[in-house]
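The structure appears right after this line, and notes come after that.
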Amino acid sequence: MSSTSPSAHAGPSASASPLHRVSPSDIAVGVIIGRTSEFFDFFVFAIASVIVFPQRIFSFTDPLTGTLMSFALLALAFVVRPLGSALFMAIDRRHGRVSKLTAALFLMGTATVAMGLIPSHEDVGYWAVVILAVLRIGQGLALGGAWDGMPSLLALTAPKSRRGVYAMVPQLGAPIGLIVASLLFAYLAANLSAEDFLGWGWRYPFFVAFSVNVVALFARLRIVATDEFQELFESRELQPTRLRTTLAEDGPTVLLGIFVPLASFAMFHMVTVYPLSWIFLYTNETLVSFLVIEAVAALAGIAAILLSGFLADRIGRQRLLLIGALLIGGFAILAPLLLSAGKTGELVYMIAGFFILGLSFGQSSGAVGSLFGARNRYTGSAIVSDLAWMFGAGFAPLTALLLSAWLGLPAAGLYLLSGAVCSTVAVLLAGRMEFKGGA
């Protein structure tokens, strides 16, 4: 543990007098804005990995191989994300959370905007791949640094009887970010020729990401300046402990926590990135129509996330996560064939998939946070989140597309099925533990 005092950790905002107070609903708005910006950046890259990069960055190979290479770069950010968490937590301890968040979101915005300026393989050869990989690493490091403990703050300021409702609030940023990214790409693709879209139109979503990050930064900094944040920080509820300290004191909990949301995070890519790649590569479905389907299905995800909060407060979070893992397992076995069943099949796959995802995803992060006590909640939740995203989601589109290309569509669900089995076992084991942070 650093010997620096809590007030030094809190950064410049801690000295502001008087600090303003906000209600849990105000905190919720800040959290949603922050998460939406992160997921918008992610989905802009993910969509471009399917419809742009194989033709511009990996044009030296066939479309399938180019998409697989793009998915390898997609996974790269998840691999370096834990390093970003370690780096920016050190900045947090030394310079405060204001400096940490500002640096992380500046890096995220800069890397994302730079992707919109990247030259094609025809212009600079293999340097295009190198440049994109470096920028993707920058995004991954920044994503680790963007962890701010806001979900913990939100849960701890919420009434006990409504913790499930407040735990699902941060998760709403994912479908909102997808909707904005999908509709933006759909609008550009619908109103530009294919040549103009691939020439310059695809760059605009990357530029929009910078302004989104600026808004998110100010929304988060406003929360950092609250009395609640300072009080929780001083009581170590939101203070980053050193990585080795957390692992020494809560190592088994970290290991178990990685598997609790694994199925949910794997499912995340199976209804967002993977189906877009399959449709784009193997069907005659137009890009615009499927992006619109994704946006519509994401609305079902929002409804399910909202529902998860009410269900968690009534039947318990553990039971809901167990039901979600079992539904994800069933989806992994039955659903992939729907992608080859025309528009109706695609629509059923997407809406059913997003609804199941929402029920599980809505409570996944809250379940992780509740495993840890006050001392290690901030760092423990960050480690678990990083590793669960890496193992659950990072390689999901690459593995699913590879399996379906080799063995056919039914094989696409094998990776997801393995995640569902792991999560089912982990949730059952977690249910035997005493939840240190409350339900």
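The values are calculated or read from the model by the stated rules, or taken from the named source; none is laboratory data. All figures in this text were calculated on a predicted structure; none of them were measured in a lab. Glycine gets a Cβ as well: all are built from the backbone with ideal geometry, and neighbour counts include every protein chain shown. For accessibility, only protein heavy atoms count, side chains too; no ligands or nucleic acids. Shrake-Rupley method; radii C 1.70, N 1.55, O 1.52, S 1.80 Å.
Quick look at the numbers
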| read-out | value |
| --- | --- |
| Checking Leu255 against (1) closer than 25 Å to Thr112 by Cα; (2) open to solvent by 60 Å² or more (accessible area, probe 1.4 Å); (3) modelled with pLDDT of 90 or more, the condition it does not meet | (1) |
| Residue in the range 360-380 that is nearest to Ile32 (Cα to Cα), counting only those that are touching a Ser or Thr at 6+ places or on another chain (Cβ under 9 Å), crowded, with 24+ Cβ neighbours inside 10 Å and not polar (S, T, N, Q) | Gly362 |
| Unmet criterion (only one of (1) free of Cβ contacts under 8 Å to residues at least 40 places away in the same chain; (2) open to solvent by less than 70 Å² (accessible area, probe 1.4 Å)) for Asp313 | (1) |
| Candidates Phe88, Phe60, filtered to the one that is modelled with pLDDT of 90 or more, farther than 22 Å from Tyr204 by Cα, assigned to a loop (DSSP other than H, G, I, E, B) and not hydroxyl-bearing (Ser, Thr, Tyr) | Phe60 |
| Criterion: in a helix (DSSP H, G or I), open to solvent by 40 Å² or more (accessible area, probe 1.4 Å) and not β-branched (Val, Ile, Thr) - qualifying residue of Leu183, Leu217, Leu178 | Leu183 |
| Residue among Thr424, Thr379, Thr399 that alone is among the hydroxyl-bearing types (Ser, Thr, Tyr) and under 20 Å from Leu338 (Cα atoms) | Thr399 |
| Evaluation of Thr112 against (1) more than 16 Å from the chain's Cα centre (by Cα); (2) surrounded by 24 or more Cβ atoms within 10 Å (Cβ to Cβ) (one fails), failing number | (1) |
| The range 238-250 residues that are touching a residue at least 60 places away in the same chain (Cβ under 8 Å) and over 12 Å from Arg93 (Cβ atoms), paired with ones that are open to solvent by 80 Å² or more (accessible area, probe 1.4 Å) and not in a helix (DSSP H, G or I) (beta carbon under 9 Å, 6 or more apart) | Asp250/Lys436 |
| Those residues of the range 53-103 which are open to solvent by 50 Å² or more (accessible area, probe 1.4 Å) and among the hydroxyl-bearing types (Ser, Thr, Tyr), in sequence order | Thr102 |
